[in-house]
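S.K.: Structure provided below as structure tokens; questions to follow.
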């Protein structure tokens with residue numbers, strides 16, 4: 001095999017080498033080099049943001065609902081597909097997540113004033129939970145934070161803060177109404193399953209689709 005052909009094969013198998021470089025840095029403590037938990041946490045946050053940015057550069061446009069449905073049957077033969085019709089996205093999961101469930105939470109955006117922190121914005125967090133999660137033995141969730149476009153703009157204009165971290169949430173997809181993101185401290189490498197969640201996110205598993213006009217105007221169902 002000539003060097004050029006070998007280089008092409010390596011490129012196909014490793015599309016974004018920078019993510020593997022960060023992975024090696026994160027795993028450095030296993031090799032005897034202690035980076036410290038704070039630095040490792042920041043490296044993991046950077047990894048999510050870089051993966052999201054590279055996915056955007058590769059071109060991952062929002063797809064209409066009918067385009068998503070054409071691929072659903074094929075995908076289900078090989079993987080699990082979580083579909084959220086309230087906010088407009090699908091998320092691809094490995095077969096090992098069969099039996100997963102959804103945990104709904106709330107993010108809060110706050111500002112600091114004379115009387116302390118004041119909540120000025122809030123929105124949903126949709127966490128996909130591994131079927132082997134138990135209260136005695138927790139596993140890492142996949143937490144998807146949902147912002148409206150106006151909230152996302154306000155966040156990036158520093159009108160409120162969501163996470164007490166130097167890096168804000170990293171976008172992993174969007175449609176005409178919502179932005180989907182992962183918070184920088186939502187994935188904890190000390191929890192079992194965190195490596196698998198990072199591997200899932202590297203595959204760019206979220207696909208946003210645009211909701212129809214009736215769906216946008218209909219109030220969300222109470223659960």
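S.K.: Scanning for something surrounded by 12 or more Cβ atoms within 10 Å (Cβ to Cβ) and more than 21 Å from residue 175 (Cα to Cα), does the stretch 80-89 turn up at least one residue? Before the answer, list the steps.
M.R.: Step one: filter the stretch 80-89 for residues surrounded by 12 or more Cβ atoms within 10 Å (Cβ to Cβ), giving 80-89.
Then drop every residue that is not more than 21 Å from residue 175 (Cα to Cα), which leaves 80.
Yes; the residues of the stretch 80-89 include at least one that is surrounded by 12 or more Cβ atoms within 10 Å (Cβ to Cβ) and more than 21 Å from residue 175 (Cα to Cα).
S.K.: Filter the stretch 139-171 down to residues that are under 21 Å from residue 91 (Cβ atoms), touching a helix residue (DSSP H, G or I) at 6+ places or on another chain (Cβ under 6 Å) and in a loop (DSSP other than H, G, I, E, B), then give me how many there are.
M.R.: 1
S.K.: With the condition kept exactly as written, say whether any residue in the stretch 202-211 is buried (at least 16 other Cβ atoms within 10 Å of the Cβ), modelled with pLDDT under 95 and in a helix (DSSP H, G or I).
M.R.: So far as the stretch 202-211 goes, yes, one or more of its residues are buried (at least 16 other Cβ atoms within 10 Å of the Cβ), modelled with pLDDT under 95 and in a helix (DSSP H, G or I).
S.K.: Would you confirm, using the coordinates I've provided, whether residue 136 is more than 17 Å from the chain's Cα centre (by Cα), at negative phi and part of a loop (DSSP other than H, G, I, E, B)?
M.R.: Numbers: more than 17 Å from the chain's Cα centre (by Cα): yes; at negative phi: yes; part of a loop (DSSP other than H, G, I, E, B): yes.
Judged against the criteria, residue 136 is a match.
S.K.: Could you grab me the full set of residues in the stretch 98-118 that are under 16 Å from the mean Cα position of the chain (by Cα), under 23 Å from residue 134 (Cβ atoms) and without any contact (Cβ under 8 Å) to a residue 60 or more places away in the chain?
M.R.: If the condition is that a residue be under 16 Å from the mean Cα position of the chain (by Cα), under 23 Å from residue 134 (Cβ atoms) and without any contact (Cβ under 8 Å) to a residue 60 or more places away in the chain, then 102, 103, 105 are the ones that fit.
The values are calculated or read from the model by the stated rules, or taken from the named source; none is laboratory data. Owing to the predicted nature of the structure, the values given are computational and were not obtained by experimental measurement. In this analysis, Cβ positions are derived from the backbone assuming ideal geometry, glycine residues included, and neighbour counts consider all displayed protein chains.
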